[in-house]
Amino acid sequence: NEPDKYGISWETLTGLYISAMDSIDRAVGGNVMFAVEGTGQSGLNANWGDGFATERVEELGLQDPKPFFNQLMTKPYRDRVILAPHVYPASVTFNDAGTTGNALYERLE
């Protein structure tokens, strides 16, 4: 939980996620859903766990989740993975951009 809080990069997180999902999927015979958080995109004023943007990452100095998505698309469980960003108030993430009221809905567009 909270890879951004611990400074975990997409490079590290990709291996952790894929390895864990491979092992769990083999152990339970494909009867499981996976929820994953993003990381490394505070340059977007994203909250912890939001880092799934794949466009303009180099231009904006963001970490790139594309290698994770590319690996995921080769897996039999790819249709059972849930992207699970979540929003916390500024008092937790120190980010007060778009974290209340209608701004939360606007971020989904």
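What are the residues whose amide H is under 5 Å from the amide H of Phe34, where those residues sit 5 or more places off or on another chain and H is modelled from the backbone?
Under 5 Å from the amide H of Phe34 lie the amide H atoms of Val81, Ile82, each far enough along the sequence or on another chain.
Leaving out ligands, DNA and RNA but keeping every protein chain, what accessible area does Leu60 have, in Å² rounded to the nearest 10, with a 1.4 Å probe?
Spelled out: Leu60, probe radius 1.4 Å, area about 70 Å².
Do any trypsin sites (Lys or Arg not before Pro) in segment 1-78 lie in a DSSP loop with no more than 15 other beta carbon atoms within 10 Å, and if so, which?
Lys5, Arg56
I need the GluC sites (Glu not before Pro) found in segment 1-86, filtered to DSSP loop residues with at most 14 other beta carbons within 10 Å of theirs.
Glu55
Which whole-Hz couplings ³J(HN,Hα) result when phi for each residue of segment 9-22 is put into the Karplus expression 6.51 cos²θ - 1.76 cosθ + 1.60, θ = phi - 60°, listed in order with x for Gly and Pro?
For segment 9-22, the Karplus curve yields 7, 4, 4, 6, 4, 4, x, 5, 4, 4, 4, 5, 5, 4 Hz.
Suppose accessible area is computed on protein heavy atoms with a 1.4 Å probe; arrange Met33, Met21 from highest to lowest.
Met33, Met21
For a Förster distance of 25 Å, can you work out the FRET efficiency between the beta-carbons of Thr12 and Val32, rounded to the nearest 0.05?
0.65
The values are calculated or read from the model by the stated rules, or taken from the named source; none is laboratory data. Note that the structure is predicted; figures quoted are calculated from it, not measured. Neighbour counts run over all protein chains shown; Cβ positions are idealised from the backbone, glycine included. Each accessible area value is taken on the protein alone, full model and side chains, heavy atoms only, with ligands, DNA and RNA left out. Shrake-Rupley method; radii C 1.70, N 1.55, O 1.52, S 1.80 Å.
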